[in-house]
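The values are calculated or read from the model by the stated rules, or taken from the named source; none is laboratory data. Remember, predicted model here, so these are calculated numbers, not experimental data. Please note: Cβ atoms are built from the backbone with ideal geometry, for glycine as well, and neighbour counts cover all protein chains shown. With ligands, DNA and RNA removed, areas are computed over all heavy atoms of the protein, side chains included. Shrake-Rupley method; radii C 1.70, N 1.55, O 1.52, S 1.80 Å.
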Amino acid sequence: MLMSEPAIILGIESSCDETAAAVVAGGRTVLSSIIASQHELHEEYQGVVPEIASRAHAERILPVVRSAVAQAGITLGDVRAVAVGNRPGLIGSLLVGVAAAKSLAWSLGVPLVGVDHVHAHLYAGLLEGNGEAAPPTASHSAGTSHAGRPLAAGDLFPALGLVVSGGHTSLFAMASATEIDRLGGTIDDAIGEAYDKVASMLGLPYPGGPVVDKLAQTGNAAAFEFPMSSLSRESLDFSFSGLKTAVKYAAFGVPRKPEPRKAPLPTVEIPPLTSERIADLCAAFQDAATGTIIRKVRRALEQNRGVRSIIVGGGVSANSLLRARLIELGDARAVRVVLPGLSVCLDNAAMIAGLGHAILVSRSWQGDPLSLAAFPASSL
Ligand code: KG4
Ligand code: ZN
């Protein structure tokens with residue numbers, strides 16, 4: 001490869017229940033992105049079983065890497081560096097990707113770079129076409145500004161970063177794609193986790209987010225009034241456990257313990273959980289969950305004047321109502337909103353390769369040592 005050509009990075013992701021590999025050129029152009037989902041293996045448990053996940057990663061990682069290289073139309077010899085998500089995540093799952101990345105980097109004689117998975121979610125929307133292979137349809141997606149101008153770093157930073165996923169709900173101040181500081185995060189459940197648990201209690205399939213999103217569009221959000229947690233006046237933290245419990249009580253009733261020497265409590269009739277009621281619960285839950293996020297993003301914009309864009313990432317950034325509300329907020333505040341294309345909202349390796357490239361460029365291509373470890377917690 002000529003040095004003037006965009007550097008080709010192989011990205012590897014295995015932090016949870018997706019085994020993924022991608023080839024990205026010049027930090028922005030996605031040449032291939034392969035995602036082998038394990039949803040079917042975990043569905044009967046309504047959540048990810050760590051041992052099953054790591055075993056499935058071990059079986060799938062090499063075929064997934066081979067497919068990514070083949071689909072990109074390159075050979076392993078073209079790879080300039082290997083980037084891997086090495087934190088946060090399920091430790092057994094992370095170790096499979098890290099071991100594969102180390103072996104490849106060592107055998108190819110190229111730099112290895114460990115990437116924070118939460119940080120990488122913020123890079124998904126910065127990939128060319130917002131990581132979407134198809135041409136953009138909406139003015140807010142696919143690397144275009146409101147006016148349709150191409151994405152340029154100078155237009156975006158300083159930015160507010162919002163990660164909304166199954167494991168994380170956090171706000172960041174971003175000076176650039178690689179320099180980020182955490183402003184706040186959830187003190188209990190992540191928003192995606194709340195979606196998955198609400199779906200599970202309503203008897204809907206796993207993962208719950210997409211199903212609840214779809215049903216919410218047919219329900220009446222005003223049928224129930226659910227709480228939106230603000231925490232303290234200035235807080236940029238989130239809490240979703242109260243909302244989740246409120247949905248449970250609305251669906252199945254409040255558990256009432258009889259007290260000794262007191263008259264028995266009256267029975268409260270809870271209507272049967274019809275499909276119409278489920279849709280209403282989904283709509284009211286989605287309204288409160290996305291409303292909570294918007295309230296905190298608004299507060300963060302007030303506390304961080306001069307922000308030029310809101311960069312969003314994570315599985316829940318695929319949510320229809322959240323996307324619409326963020327765009328509305330961005331328009332009202334004249335702040336650009338960068339939403340990832342739907343194919344890179346969920347866990348993928350293109351975002352790992354893209355951020356890996358940006359980190360390596362910022363470090364003059366100095367990689368991490370081959371002793372690179374995996375960590376269950378984020379470094380942010
Ligand atoms: O980013 P991700 O793939 O994994 C983590 O890093 O956690 O996010 C997965 C989460 C799941 O909780 C899933 O239910 C949620 O994203 N999700 C959605 C939607 N699509 C996926 N939540 C709400 N609305 C959606 N459309
Ligand atoms: Zn993720």
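In terms of accessible area, using a 1.4 Å probe and ignoring ligands and nucleic acids, 201, 174, 228 rank largest first as 228, 201, 174. With the largest listed first and rounded to whole Å, the semi-axes of the equivalent ellipsoid of the chain from the Cα gyration tensor are 38, 24, 18. Ligands, DNA and RNA aside, residue 55 has an accessible area near 150 Å² when probed at 1.4 Å. Across the chain, the mean sequence separation of Cα contacts (distance under 8 Å, 6 or more residues apart), normalised by length, yields a relative contact order of 25 percent. Couplings for the range 343-354, taken from phi via the Karplus curve 6.51 cos²θ - 1.76 cosθ + 1.60 with θ = phi - 60°, read 6, 10, 5, 7, 4, 7, 9, 5, 5, 5, 5, x Hz in order; Gly and Pro are left as x.
Average the reciprocal distances over every distinct pair of alpha-carbons in the range 222-380, invert the result, and give the Kirkwood radius in Å.
On the way: mean 1/r = 0.0506 Å⁻¹.
It is 19.8 Å.
Accessible area ranking (1.4 Å probe, heavy atoms, ligands and nucleic acids excluded), largest first, for 16, 345: 16, 345. Quotient of the Cα radius of gyration of the range 190-232 and 2.2 N^0.38 Å, N being its number of residues: 1.25. The long axis of helix 275-303 is offset from the longest Cα principal axis of the chain by roughly 60 degrees.
Would you kindly calculate the mean projected area, averaged across all directions, of the convex hull enclosing the Cα atoms of the range 1-89, in square nanometres? List each step's numbers first, then the result.
Working: hull surface 24.4 nm².
Mean projected area of the Cα convex hull: 6.1 nm².
Its alpha carbons considered, the range 151-190 gives a radius of gyration followed by a Dmax of 11.5, 36 Å. Counting only aspartates and glutamates at least 8 places from residue 296 when in the same chain, those with an alpha carbon closer than 13 Å to its own are 234, 237. Across the range 186-288, the fraction of Cα-Cα pairs farther apart than 20 Å, rounded to a whole number, is 43%.
For residue 218 and residue 270, calculate 0.36 nm times their separation in residues minus their Cα-Cα distance, and state this gained length in nm to one decimal.
Working: separation 52, 0.36 × 52 = 18.72 nm, distance 2.15 nm.
Fully extending the segment from residue 218 to residue 270 adds 16.6 nm.
How much mean residue ellipticity at 222 nm does the chain get from its helices, if each DSSP H run of length 4 or more adds -39500 (n - 2.57) and you divide by all residues, to the nearest 500 deg cm²/dmol?
Details: 11 runs with 142 residues, N = 380.
My calculation for the chain gives -12000 deg cm²/dmol from helical runs alone.
The C-alpha atoms of the range 297-372 occupy a region whose extents along the principal axes are 46, 29, 16 Å, arranged from largest to smallest. In this Cβ point-charge picture (+1 for Lys and Arg, -1 for Asp and Glu), the range 173-310 has a dipole of about 340 debye about its Cα centre.
Suppose we take every Cα in the range 256-320 and form the convex hull; what volume per residue is that in Å³? Provide the component values of the computation, followed by the final result.
Working: hull volume 11.1 nm³, N = 65.
Convex hull volume per residue, Cα atoms: 171 Å³.
In this structure the range 193-294 gives 55 Å² per residue of accessible area when probed at 1.4 Å with all protein chains present. Element breakdown for the chain at a 1.4 angstrom probe: carbon and sulfur atoms account for 56% of the accessible area.
Order 204, 41, most accessible first, counting only protein heavy atoms with a 1.4 angstrom probe.
On the way: 204 25, 41 60 Å².
Reading off the accessible areas and sorting them downward yields 41, 204.
Relative to one another, the C-alpha centroids of the range 300-371 and the range 64-121 are positioned 20 Å apart.
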